[in-house]
Amino acid sequence: MDYAQAISYIDGCQRFVGNKDGLKNILGLTDDLGQPQRKYPVIHVAGTNGKGSVCCYVDTVLRRAGYKTGLYTSPYLQRFNERIRIRGENATDEQIARWATQVKAAVDARLQRGFIHPAMFEVITAMGFLGFAQERIDAAVVEVGLGGRLDATNVVQPAITAIAAIGLDHTRVLGDTLEQIAFEKAGIIKPGVPVVLYPQGEGVRAVVRKAAREKGAPLIDLADWQIDIRQESLAGVRFDLRGPGGEALCDLHIRMLGRYQAYNAAVAAAVLLTLQKMGWQLTEGDIREGLAQASWPGRFEVLGQDPLTLIDGAHNPQGAQALREGLRAYLPKGMPVVLCCGALNGKDAAGVMAELSAFAAEAVLTDPPGTDRAKPAQELVPYFAGRPVTVERDARAAVAYAVRRAQALQGAAVVAGSLYLAGAARTWLRGDAKEK
């Protein structure tokens, strides 16, 4: 297969639900591929919000320390190749085509033996694991796709695991309480393997503590650490991190915006400090410089200054709340915000729009592009009662209009509500060539 055929094959796998009997199907597929995920140490990261950022921080620091890394994340923002990265660079079209061809051959052979077809995420995960093995990486940083316990990535034997912020998302699959969702996330904890936990409420902490205790896994709970924010601005965040065991990293600087990013970086730092204790070759300078260099597109990302224009993939209430708090911290008091937003069916639109509408002087509502799950923009109008609202179902036109309105009002344009919308807006606003 060439690249276009590989992407077509992957897209076609959306019609398959995979094996509902736990991890049997992905285990069988990776076995037939030679268990590539066992050929390198893995840092495995779950969570509702921030897990991609945590992965990015860890990956950047490891590369700064000289490790050849593989980074596996989802979904992509602009181009499929983002999902599998080697040494910080997206996989090439040729690599994607080769890995897809090899995985398809293994899938076809399994179908001949009577096994069911794997789901799309299982196919992509197998591609990532296989690609990392063929590239002979030193370490893989692997982001969970959904949940943890039954996620296709959970066939790894990690060196360390981490659980980022937990919130209410994918409730139809994972449960409708934070504790139920925490149970699924804690499913990545392995016997004897350290686990780092983002500062959480007591209910979530209790669930993770229990899981760690049952597995004999050392727990590094960031709720027991001291994270002091020194400074927040559009130039980044400075903070101090101190652990109960005497760990101390003072005046850390990160480029990623938002107070919550300091907490994500703290999780990454705790992961890296633990790896250091386990014998990994990491210095304090590597951690400092790697955290400072890390950037993760589409998360409170500033793309223009006249007018101030930013995008954020916030698509659940917790993420939208973090965006609202960030805007309050960074924007001049009284600066009007023109919000361009959309949502997907199956998401908590009411919860998200309650947060987004709180800072919007005007709203431009649109249908997120590139998905058949877009919620019709007209259905979002009631959430913005009392504010000027424009419905423009063409997303590109909606983004352009929001920027023009922000300029006219001497305000800021914010694109949020969906990663599909944020990714497309990033392409248009940066003038990138859009390819799948």
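The values are calculated or read from the model by the stated rules, or taken from the named source; none is laboratory data. Note that this is a predicted model, so its numbers are computed, not measured. All Cβ positions, glycine included, derive from the backbone under ideal geometry; neighbour counts span all protein chains shown.
With the checklist (1) among the acidic types (Asp, Glu); (2) surrounded by 18 or more Cβ atoms within 10 Å (Cβ to Cβ); (3) not in a helix (DSSP H, G or I) in hand, flag the one item residue 372 doesn't pass. Tallying (1) among the acidic types (Asp, Glu); (2) surrounded by 18 or more Cβ atoms within 10 Å (Cβ to Cβ); (3) not in a helix (DSSP H, G or I), residue 372 fails exactly one: (2). From the list 259, 238, 242, the one residue that fits, being touching a His at 6+ places or on another chain (Cβ under 8 Å) and outside the structural domain of residue 326 (by TED's automatic domain parsing), is 238.
For every residue, the table says whether it meets (1) over 20 Å from the mean Cα position of the chain (by Cα); (2) at pLDDT 95 or above.
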{"site": "16", "(1), (2)": "yes, no"}
{"site": "24", "(1), (2)": "yes, no"}
{"site": "30", "(1), (2)": "yes, yes"}
{"site": "54", "(1), (2)": "no, yes"}
{"site": "58", "(1), (2)": "no, yes"}
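Residues in the range 54-84 that are without any contact (Cβ under 8 Å) to a residue 40 or more places away in the chain and either crowded, with 23+ Cβ neighbours inside 10 Å or touching a Phe, Trp or Tyr at 6+ places or on another chain (Cβ under 6 Å) (or both): 82 only. Of the residues making up the range 184-224, those that are under 20 Å from residue 274 (Cβ atoms) and not in a helix (DSSP H, G or I) number 18. Inside the range 54-73, residues that are assigned to a helix (DSSP H, G or I) and of a type outside the set (D, E, K, R) make up a count of 8. Of the residues examined, residue 386 is not one that is free of Cβ contacts under 8 Å to residues at least 24 places away in the same chain, within 27 Å of residue 232 (Cβ to Cβ) and not assigned by TED's automatic domain parsing to the domain that holds residue 76.
Please pick out the residue among 310, 275 that is surrounded by 22 or more Cβ atoms within 10 Å (Cβ to Cβ), over 24 Å from residue 147 (Cβ atoms) and outside the structural domain of residue 159 (by TED's automatic domain parsing). Testing whether each residue is surrounded by 22 or more Cβ atoms within 10 Å (Cβ to Cβ), over 24 Å from residue 147 (Cβ atoms) and outside the structural domain of residue 159 (by TED's automatic domain parsing) leaves just 310. Please indicate, with yes or no, whether at least one residue in the range 198-207 is buried (at least 21 other Cβ atoms within 10 Å of the Cβ) and in contact (Cβ under 8 Å) with a residue 60 or more places away in the chain. Yes, the conditions are met somewhere in the range 198-207. Residue 181 fulfils the conditions (1) modelled with pLDDT under 95; (2) in contact with a Ser or Thr (Cβ under 8 Å, 6 or more places away or on another chain); (3) part of a strand (DSSP E or B) except for a single criterion, (3).
Answer yes or no: is there a residue in the range 92-113 that is within 23 Å of residue 422 (Cβ to Cβ), surrounded by fewer than 24 Cβ atoms within 10 Å (Cβ to Cβ), at pLDDT 95 or above and in the same structural domain as residue 185 (by TED's automatic domain parsing). No, the range 92-113 has no match at all. Within the range 1-53, the residues that satisfy the criterion of being among the aromatic types (Phe, Trp, Tyr) and either buried (at least 19 other Cβ atoms within 10 Å of the Cβ) or not in a loop (DSSP other than H, G, I, E, B) (or both) are 3, 9, 40. Taking the range 398-420 as the range and being more than 26 Å from the chain's Cα centre (by Cα) and either within 20 Å of residue 372 (Cβ to Cβ) or among the basic types (Lys, Arg) (or both) as the test, the residues that pass are 404, 405. Put simply, of 320, 266, 314, 292 the only residue that is under 30 Å from residue 413 (Cβ atoms), in contact with a strand residue (DSSP E or B) (Cβ under 8 Å, 6 or more places away or on another chain) and at pLDDT 95 or above is 292.
Inside the range 404-416, residues that are surrounded by fewer than 24 Cβ atoms within 10 Å (Cβ to Cβ) and either aliphatic (A, V, I, L, M) or not in a helix (DSSP H, G or I) (or both) make up a count of 4. Looking only at residues of the range 136-150 that are assigned to a loop (DSSP other than H, G, I, E, B) and among the charged types (D, E, K, R), we find that the one that is surrounded by the fewest Cβ atoms within 10 Å (Cβ to Cβ) is 136. Within the range 99-135, the set of residues being part of a helix (DSSP H, G or I) and free of Cβ contacts under 8 Å to residues at least 12 places away in the same chain comprises 105, 108, 111, 112. In this structure, residue 323 qualifies as under 20 Å from the mean Cα position of the chain (by Cα), of a type outside the set (Asp, Glu) and buried (at least 17 other Cβ atoms within 10 Å of the Cβ).
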